[in-house]
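A short write-up of the structure that comes next.
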Amino acid sequence: MMPMTSFGDLLGPQPVRLPGFPEAEEGLAAGEDPTGIAADNPSCSLAWAYLAEGALADGQPVAAYAYARTGYHRGLDQLRRNGWKGAGPVPYSHPGNQGFLRCVAALARAAEAIGEDDEHDRCLDLLEDCDPRACKELGLD
């Protein structure tokens, strides 16, 4: 019997589960400065997500857009290195995936704030494709 993916697709690719950056993630959880963590771990999408979310909270959508786009691209690089072919499940429930998905959500919010509607919509579509539950988990529903 063929294993079912986490989203119920018998023929689809298996979910990608990124390995994460435990030391950086622990530092972020402990309240360390995400700027320093991003500088020391530029491939850590979660650090970029923290920076983007902080910029959004501070009313700086252009800075948020830049941070989120950086984390998004770093996450795409990791996804590809881990077998993702541009489509297929990237479950939000897996902690290693959350940095990338949070960057996509922050990019959607920043794009909306600066009037880039096409980018906003692309980000929402990507989140839906990665995990149908991600938008709700990230407060975008």
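For the chain, pairs of C-alpha atoms spaced more than 21 angstrom apart make up 39 percent of the total. Model label sites at ASP77 and GLU26, defined 7 Å from Cα along the beta-carbon direction, differ in position by 2.4 nm. Using the alpha-carbon atoms, what tilt in degrees (0 to 90, nearest 10) does helix 95-113 show relative to the longest principal axis of the chain? Around 60 degrees separate the two axes. Dividing the mean sequence gap of close Cα pairs (under 8 Å, 6+ apart) by how many residues the chain holds gives a relative contact order of 25 percent.
All of the numbers you see were taken from the coordinates with simple rules; none came from a lab. It should be emphasised that the depicted structure is a prediction, and the values quoted were computed from it without experimental measurement. Glycine also receives a Cβ, built like all others from the backbone with ideal geometry; neighbour counts cover every protein chain displayed.
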